[in-house]
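All of the numbers you see were taken from the coordinates with simple rules; none came from a lab. All figures in this text were calculated on a predicted structure; none of them were measured in a lab. FYI the Cβ positions are ideal-geometry reconstructions off the backbone, even for glycines, and counts take in every protein chain you see.
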Amino acid sequence: MAYEKLEQLYEGKAKKVFATADPEIVIVSYKDDATAFNGLKKGTIVGKGVINNRMSNHMMRKLEAAGVPTHYVEELSDRETAVKKVSIVPLEVIIRNISAGSFAKRFGVEEGIVFDEPTIEFSYKNDDLGDPLMNAYHAVALKAATWEEIELIKKYAFQVNDLLRGFLKSVGIDLVDFKLEFGKLADGTIVLADEISPDTCRLWDETTHEKLDKDRFRRDLGGAEEAYQEVMRRLMGDAEG
Ligand code: TMP
C-alpha cells in the first residue's frame, strides 16, 4: 500500500509526524537534529536520521517476529516510515544492564558495573518538568497508565531487553541501557512505539568498550557520525544499503 504524507501533525526534537489518508496510520520522518539535556544542547549528527530510521525498523521487525507488538507498518524511504497511530503513554521506560549515565550519577557509582539482573525505571514524559523519575504508583495516581498497562509494559520491556541484548551481542555490542516508549491504539491495545536507535540506547563495543551511541554527542567525545555508522554496519552490513 502506498502511504502518502498529508499535513504535519507534530514536530519533536528528532522526528516529525505526518497524517496519511488512513486515520490509523501516520508517517514518521527522522531528522539529523540532535539534542541533549532536555534540548539545552543542540546540534546535528549528519546521517543520523537515516540510520535511526533503518535501525529502528530493523529492530521493530525482529521484535514483532518474536511476539512483541509494535507500531511498525512499513519503511517508506531512508528517513520515513509508516507506523500505527497511537496515543503515547507518557512514561519513558528505561532498562539498564550496566551502570551508566543518570544511574551512575544518582547512586554515586562508576559506569560499567554489570548488574546480575536488569533494572527498570520510569520517568514522566514531560519536557517542561525535565522528565522526572516516577514509580508505578505515581503513574497510576496521575492516570498516565493503569496497573494492567504497567504490568504489560514491564513484561514487554524485559522481553525487548532480552531480544535486543542478543541481537547486539551477536555483532559485538553490549547493550548498556535504553529507553522505550509505548503507545495505545484506538482500541486500547498497548504497542511498542517511538524508536530504538543509538539516540535511545547506550551501546558499547564488547571488547574496547568504545561508546557507539549518542553519548559521543552528549559528552563532546567526537566521532558521533562514525559511531552511528559503525552500529549500522555491524547490524545491517553497511550504513547505506
Ligand atoms: P540516563 O542514564 O540519562 O537516564 O539515560 C538512560 C537511557 O535512556 C540511555 O540509553 C539514553 C536514553 N535516553 C533517551 O532516550 N532519552 C532521554 O531523554 C534520556 C535522558 C535518556
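Using +1 at the C-beta of Lys and Arg and -1 at the C-beta of Asp and Glu, which of Gly130, Ile45, Thr146 has the Cα lying farthest in the positive direction of the dipole of the range 35-157?
Projecting each Cα onto the dipole axis, the largest value belongs to Ile45.
Taking other Cβ within 10 Å of each residue's Cβ, how do Tyr30, Tyr3 sort, fewest first?
Tyr3, Tyr30
How large is ³J(HN,Hα), in whole Hz, for each residue of the range 82-96 in order, when computed from phi with the Karplus curve 6.51 cos²θ - 1.76 cosθ + 1.60 and θ = phi - 60°, using x for Gly and Pro?
Each residue's phi maps through the Karplus curve to give 7, 10, 5, 6, 10, 9, 6, 6, x, 10, 8, 9, 10, 10, 10 Hz.
Near Asp205, within a Cβ-to-Cβ distance under 9 Å, what is the net charge of the other residues, with Lys and Arg +1 and Asp and Glu -1? Provide the component values of the computation, followed by the final result.
Numbers: positive: Lys211; negative: Asp174, Glu206, Glu210, Glu230.
With Lys, Arg at +1 and Asp, Glu at -1, the neighbours total -3.
In Å and whole numbers, how far do the C-alpha atoms of the range 138-241 stretch along each principal axis, longest first?
Extents along the principal axes: 42, 27, 25 Å.
By per-residue mean of other Cβ atoms within 10 Å, what is the highest-first order of 73-79, 178-184, 212-218?
Averaged packing, sorted descending, gives the order 212-218, 178-184, 73-79.
Taking a 31 Å limit on the Cα-Cα distance, which of the listed pairs Lys62/Lys214; Lys48/Lys105; Lys48/Lys169; Lys5/Lys125; Lys31/Lys154; Lys5/Lys105 fall beyond it? Each step should come with its number before you reach the end.
Numbers: Lys62/Lys214 23 Å; Lys48/Lys105 27 Å; Lys48/Lys169 22 Å; Lys5/Lys125 27 Å; Lys31/Lys154 29 Å; Lys5/Lys105 42 Å.
Over 31 Å Cα-Cα: Lys5/Lys105.
Of all the Cα-Cα pairs you can form in the range 196-241, what percent are over 16 Å apart?
Numbers: 329 of 1035 pairs.
Counting pairs separated by more than 16 Å, the tail of P(r) holds 32 percent.
If you take every residue apart from Gly43 with its C-beta less than 14 Å away from the C-beta of Gly43, what net charge results, scoring Lys and Arg +1 and Asp and Glu -1?
+3
Within the P(r) computed for the chain, what percentage of the Cα pairs occupies the region above 23 Å?
Numbers: 14123 of 28920 pairs.
Value for the chain: 49 percent of Cα pairs lie more than 23 Å apart.
In 10 Å bins starting at zero, report the fraction of Cα pairs in the range 12-117 per bin as a rounded %.
The percentages, shortest bin first, are 12, 31, 36, 17, 3, 0.
Quickly rank 47-54, 138-145 as a protection proxy: mean count of other C-beta atoms within 10 Å, highest first.
Per-residue Cβ counts within 10 Å, averaged per peptide and sorted highest first, yield 47-54, 138-145.
Just want the ordering: Val160, Val114, from fewest to most Cβ atoms lying within 10 Å of their own Cβ.
Arranged by neighbour count, lowest to highest, Val160, Val114 become Val114, Val160.
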